[in-house]
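See below for the structure under consideration.
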Amino acid sequence: MPAKKKPSTKPPTSAERVKAACACIRRARVLWDAHKNAACRGERAKAIALYEALTHDEREKVPQQLRVWLRYRSEKYFGDHTTPPGG
């Protein structure tokens, strides 16, 4: 069994933060397409948190298709005007 890697104590770089945000949005899109709404809701919340932590320049590096999907789904299907899950 290989040795476990020690967690890095260095803060993530700009490119790593952008990559993590893009990956999170993509996972949310896959869950949305698979009609797994509860899982999509959690992944989308993580994606929004990562995206909002980015600077303006870093946000521009996120592909426009992912930004549009995140904004559209967030406002239309997960906004405050919708009925919460289980309600």
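The values are calculated or read from the model by the stated rules, or taken from the named source; none is laboratory data. All figures in this text were calculated on a predicted structure; none of them were measured in a lab. Here Cβ is always computed from backbone atoms with ideal geometry, including for glycine, and neighbour counts include all displayed protein chains.
So in segment 16-72, with the set limited to residues that are under 11 Å from the mean Cα position of the chain (by Cα) and of a type in the set (F, W, Y), which one is modelled with the lowest pLDDT? Among them, the one singled out is W69. For segment 11-45, enumerate the residues that are charged (D, E, K, R), farther than 14 Å from R67 by Cα and free of Cβ contacts under 8 Å to residues at least 40 places away in the same chain. Within segment 11-45, E16, D33, K36, E43 qualify. Looking across segment 8-65 at every residue that is outside any helix (DSSP H, G or I) and basic (K, R), the one that is surrounded by the most Cβ atoms within 10 Å (Cβ to Cβ) is identified as K36.
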